[in-house]
Amino acid sequence: MNRVDILSYEQISGNNKSSIFNKIPPQTRITDFSILLGGFYGQLRRRGYYWIKTNKYNNIINDSGYNDYGHTNHRSIGIRPVMCFSKIKNDILYEI
């Protein structure tokens with residue numbers, strides 16, 4: 001499964017917004033494992049920050065779902081890898 005990608009701001013909230021974000025919010029929950037490793041989460045239902053693919057200074061999505069700025073050495077910012085559902089299905093069938 002080598003088709004994993006990191007979303008850009010345009011895919012989350014911009015002009016090229018993915019249709020999935022009409023059904024689910026851009027915020028994401030932080031995992032228990034991340035918390036044990038020192039990850040920070042906002043008090044808003046354990047939502048965390050995650051990196052996005054960008055060339056600009058606003059390079060993360062914060063716990064409220066808005067574009068924000070994060071330092072590259074900040075350990076509590078996670079990632080939200082994505083994969084097209086049809087490619088997941090094909091890869092799983094191939095592996096089985």
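Key figures for this structure:
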{"item": "Residue pairs meeting the criteria (Cβ under 8 Å; at least 6 apart or on separate chains; first over 13 Å from W51 (Cα atoms) and among the aliphatic types (A, V, I, L, M), in the range 2-22; second open to solvent by less than 80 Å² (accessible area, probe 1.4 Å) and not in a helix (DSSP H, G or I))", "result": "V4/P81; V4/V82; V4/M83"}
{"item": "Matching residues in the range 27-54 - criterion: being open to solvent by less than 30 Å² (accessible area, probe 1.4 Å) and under 14 Å from the mean Cα position of the chain (by Cα)", "result": "I30, G48, Y50, I52"}
{"item": "Any pair with Cβ under 6 angstrom, 6 or more apart, that starts in the range 45-70 at a residue that is of a type in the set (D, E) and ends at one that is surrounded by 17 or more Cβ atoms within 10 Å (Cβ to Cβ)", "result": "D63/R47; D68/I60; D68/N62"}
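Each row is one residue, and each column tells you yes or no for (1) in a loop (DSSP other than H, G, I, E, B); (2) small (G, A, S); (3) out of contact with any helix residue (DSSP H, G or I) (no Cβ under 9 Å at 6 or more places or on another chain); (4) modelled with pLDDT of 80 or more.
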{"position": "R3", "(1), (2), (3), (4)": "yes, no, no, no"}
{"position": "K17", "(1), (2), (3), (4)": "yes, no, no, yes"}
{"position": "F21", "(1), (2), (3), (4)": "no, no, no, yes"}
{"position": "S34", "(1), (2), (3), (4)": "no, yes, yes, no"}
{"position": "G42", "(1), (2), (3), (4)": "yes, yes, yes, no"}
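The values are calculated or read from the model by the stated rules, or taken from the named source; none is laboratory data. What you are looking at is a predicted structure, and each value in this text was computed from that prediction instead of being measured. Here the Cβ is made from the backbone with ideal geometry for all residues, glycine too, and neighbour counts use every protein chain on show. Only protein heavy atoms, including side chains, enter the accessible area calculation; ligands, DNA and RNA are left aside. Shrake-Rupley method; radii C 1.70, N 1.55, O 1.52, S 1.80 Å.
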